[in-house]
Amino acid sequence: MRRKIFLHYILLVIIGISITGYFTSQLAQKFYKQEVNEKLENTARMIQHQIAEDLSQGKKVDFNDAASKYAKVLNQSSSAGTAAGKEYSRVTFIDFDGKVLGESETSYQSMENHLTRKEIQEALQGKVGKDIRTSKTLNVQYLYVALPMESARVIIRVAMPLMQLQKIGQEIWNYTVIGILAGFMLTVLLALKFSSDITKPINELIHVSREISLGNYSKRVNVKSKDELGQLADSFNNMASRLEKIVSEMTDKNIKFDSIINSMTSGIIAVDNSYKTLLINSIAAEIFGIKHGPGTVGINILELVRNHQINRFLKETVEGNASLLKEITVSSPKNRVLRIYTSPIKSNSASNLNSGGIAVIQDITNIRKLEQIRTEFVSNVTHELKTPLTSIRGFIETLRSGAIHDREVSEKFLEIIDIEAERLYMLINDILQLSEIESKQKDSNIGTYNLKSIIAETISILEGVAEKKGVRLIDESDGSIEINANRDRIKQMFINLIDNGIKYNTENGSVTIKAFKGEGKVSISVKDTGIGIAPEHLPRIFERFYRVDKGRSRSMGGTGLGLSIVKHIVNLYNGDIKVSSELGKGTEFIIQLPA
Ligand code: ADP
């Protein structure tokens with residue numbers, strides 16, 4: 001820019017100076033020629049006057065002498081007189097017939113007749129004759145001025161060598177060139193300053209606008225002048241201030257918008273009417289396995305979300321301008337059940353045109369799972385209740401139809417009815433316990449109890465059963481552990497675990513209970529030397545009504561809810577339960593509770 005201004009400026013000045021210089025030089029030469037012409041003419045008139053005077057006094061005029069005399073005067077008076085050799089001004093006298101009567105520079109006798117010369121011809125017509133040509137006599141270019149003198153019938157011709165004129169012209173031109181050069185140099189200096197004055201604020205504007213485009217919105221231009229550039233800088237600074245304010249407001253809004261959108265529990269995807277993504281929140285990105293970030297905006301939804309169903313719903317919504325509510329299952333990146341609500345984005349409510357579509361995606365996998373669990377639970381409970389009830393009703397029926405009269409048989413049947421009723425009672429008891437624990441976020445009736453005392457109480461309850469089965473109960477727990485909990489709940493946990501350890505044990509087997517404190521946790525282990533659990537069953541034993549061997553469990557009076565209750569109690573206290581088992585060798589349950 002600066003170079004351009006500089007070059008243009010210099011070019012303009014060169015053109016200006018050159019044209020001015022040329023015309024000045026031409027004008028100077030023209031004036032000089034005119035002056036020389038006038039001088040020659042005046043000299044001729046002066047000579048004419050002098051000769052006329054001489055003649056009037058009756059003097060005889062020797063034209064050759066007169067020519068030399070006047071030429072001498074002429075050469076002395078002019079700077080040309082100093083010139084050497086042929087460059088002297090000449091004075092010539094020629095009669096009206098063209099014969100040369102006298103000449104200052106050469107022998108006039110040797111000179112040819114001058115009648116045909118242009119200046120002589122003009123003088124003969126009574127005018128002041130003028131010509132520029134090379135003298136045949138002296139072979140030098142002369143400017144001739146010829147003046148007729150009627151009284152003496154003689155033509156006075158005064159000539160100046162053109163070389164003098166050219167020399168002076170050259171001198172004028174030299175001065176002009178020096179002037180041009182001096183002007184040019186001054187111009188270069190001025191142009192440098194001038195271009196720098198113009199480009200400095202422009203460069204600053206460029207620099208600051210570049211900074212602003214890189215996001216440095218606080219940058220301002222510092223131009224103090226009051227001219228157009230100053231006004232431009234002021235407008236620029238105002239614009240930058242406005243921009244800074246708008247960007248900061250927008251950033252603020254975007255941050256708020258982003259945090260709202262990304263804190264939502266539902267996934268959100270919005271597209272424009274050419275299906276380019278307008279927005280996708282972190283939940284939606286997580287659901288569809290997309291890397292969430294600014295790069296996701298502006299991409300076609302087909303490329304971004306590799307799920308044809310949601311893409312189809314969005315298309316139907318945008319094209320049909322209607323809302324949709326659908327439920328789909330996806331298998332990638334995770335098995336999920338999604339509820340999708342799509343609706344068009346109305347750009348202008350008056351025209352009812354939509355400018356895209358928005359999908360709100362809810363992950364209802366857990367809701368569906370819970371629903372399924374509930375349904376299964378209800379059907380399991382029904383089934384579990386039905387079995388003993390059917391059995392009870394069957395035996396009552398048999399008793400009614402005569403068996404009641406056989407004392408032995410009726411005793412046996414009543415005993416079975418009692419066992420089944422007991423099982424029903426236990427089942428209902430377990431179901432009630434489970435639903436009570438499940439409905440709780442935090443347990444009630446919390447107190448501080450010695451863990452060993454709870455274990456001892458449990459052992460005293462189960463001792464009889466264990467003895468019957470020939471199973472030893474061994475308490476190796478640390479007596480110093482205090483626990484903050486609902487005593488009945490912890491007791492129930494031990495009853496269920498130790499009871500299982502007895503139930504699924506062999507004769508002369510044992511159940512060992514350990515409890516110790518460490519790393520901010522209370523660790524409890526219930527280990528038996530029983531039948532063990534096959535590895536394929538291990539992941540499912542905490543499910544409701546799951547039994548490895550249904551018949552065995554039932555014959556032992558199991559409900560299939562014992563471990564489920566244990567797991568729920570452990571969860572209620574934010575603990576963790578693990579099981580390890582080997583078939584034929586035994587099973588160990590390890591529980592960790594926060595101390
Ligand atoms: P149940 O009332 O049938 O004992 P649980 O929920 O207490 O129900 O246990 C679920 C299943 O896990 C049992 O049916 C049994 O097959 C298996 N099980 C539980 N504890 C043990 C154990 N200590 N040894 C072997 N199997 C066990």
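Quick note: the coordinates plus some simple rules give every number you see, no bench work behind them. Quick caveat: nothing in here was measured; it's all calculated off a predicted structure. Positions of Cβ are generated from backbone atoms using ideal geometry, with glycine treated the same way; all protein chains shown enter the neighbour counts.
See the values below:
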item	result
Angle in degrees between helix 562-572 and the longest Cα principal axis of the chain, rounded to the nearest 10	40 degrees
Residue-span extension gain [Glu438 to His537] - 0.36 nm each, minus C-alpha spacing	33.3 nm
For Lys521, residues with placed amide H under 5 Å, excluding near neighbours	Ala595
13 Å Cα cut-off, lysine pairs counted over segment 447-594 (separation 8 or more, or different chains)	10
Efficiency of FRET between Lys276 and His207 - r from beta-carbon atoms, R0 35 angstrom, step 0.05	0.50
Theoretical FRET efficiency, 1/(1+(r/R0)^6), r = Cβ-Cβ of Ile404 and Glu507, R0 45 Å, to 0.05	0.75
Dipole of segment 364-500, positive direction: furthest Cα of Ile364, Ala485, Ala403, with charges on the beta-carbon	Ile364
On Cα atoms only, tilt of 2-56 relative to the major axis of the chain in degrees	10 degrees
Ile19 paired with Ala421, simple spin-label distance in nm, labels 7 Å along Cα-to-beta-carbon	13.1 nm
For peptides 184-192, 60-68, 508-516, sequence by mean Cβ density within 10 Å, most packed first	508-516, 60-68, 184-192
Over segment 167-265, relative contact order from alpha-carbon pairs under 8 Å, at least 6 apart, %	17 percent
Debye equation applied to the C-alpha atoms of segment 2-168, log10 I(q)/I(0) at 0.19 Å⁻¹	-1.18
Taking Phe236, Phe377 and counting other C-beta atoms within 10 Å, the order from fewest to most	Phe377, Phe236
Computed over the chain: relative contact order in percent, which uses C-alpha pairs under 8 Å that are six or more apart	7 percent
Tilt relative to the chain, helix 308-320 - C-alpha long axis, 0 to 90 degrees, to 10	60 degrees
Reachable lysines from Lys118, criterion Cα separation under 17 angstrom, eight or more residues apart if same chain	Lys99, Lys127, Lys130, Lys136
Per-residue HN-Hα couplings for segment 260-276 [Karplus 6.51, -1.76, 1.60; θ = phi - 60°; Hz; x = Gly/Pro]	5, 4, 7, 8, 6, 7, 9, x, 10, 10, 10, 10, 8, 6, 9, 6, 8
Estimated [θ] at 222 nm from DSSP helical runs (n ≥ 4, -39500 (n - 2.57)) normalised by residues in the chain, nearest 500	-18000 deg cm²/dmol
Sorted by Cβ density within 10 Å, fewest first, the residues Asp227, Asp272	Asp227, Asp272
Cα pair distances in segment 217-260, grouped into 5 Å bins until the bin that holds the longest one, percent each	6, 23, 19, 15, 11, 10, 6, 5, 3, 1
Theoretical FRET efficiency, 1/(1+(r/R0)^6), r = Cβ-Cβ of Glu112 and Ile178, R0 51 Å, to 0.05	0.70
Under the Karplus curve 6.51 cos²θ - 1.76 cosθ + 1.60, θ = phi - 60°, whole-Hz ³J(HN,Hα) for segment 241-252, x wherever Gly or Pro sits	5, 4, 4, 4, 5, 4, 4, 5, 5, 5, 4, 4
Amide H contacts of Tyr142 (H built 1.01 Å from N, under 5 Å, at least 5 apart or other chain)	Arg133, Thr134, Ser135, Leu162
Extension gain (nm, one decimal) between Lys130 and Lys72, 0.36 nm per residue minus Cα-Cα	18.7 nm
Cα-projected label distance for Leu11 with Asp62, points at 7 Å along beta-carbon direction, nm	7.0 nm
Peptide ranges 138-149, 383-394 listed from the most packed, as the mean C-beta count within 10 angstrom indicates	138-149, 383-394
Residue-by-residue Karplus 3J(HN,Hα) for segment 155-161, coefficients 6.51, -1.76, 1.60, Hz, glycine and proline x	10, 8, 10, 10, 10, 10, x
Segments 256-267, 473-484 sorted - mean Cβ within 10 Å per residue, highest first	473-484, 256-267
Cβ-based exposure ranking for Arg90, Arg339, in which fewest neighbours within 10 Å come first	Arg339, Arg90
Span per principal axis, largest first, for the Cα atoms of segment 264-363 (Å)	42, 28, 24
Amide H partners (placed H, <5 Å) of Val511, local residues excluded	Arg472, Leu473, Ile474
Length-normalised contact order of segment 307-427 in % [C-alpha pairs under 8 Å, at least 6 apart]	16 percent
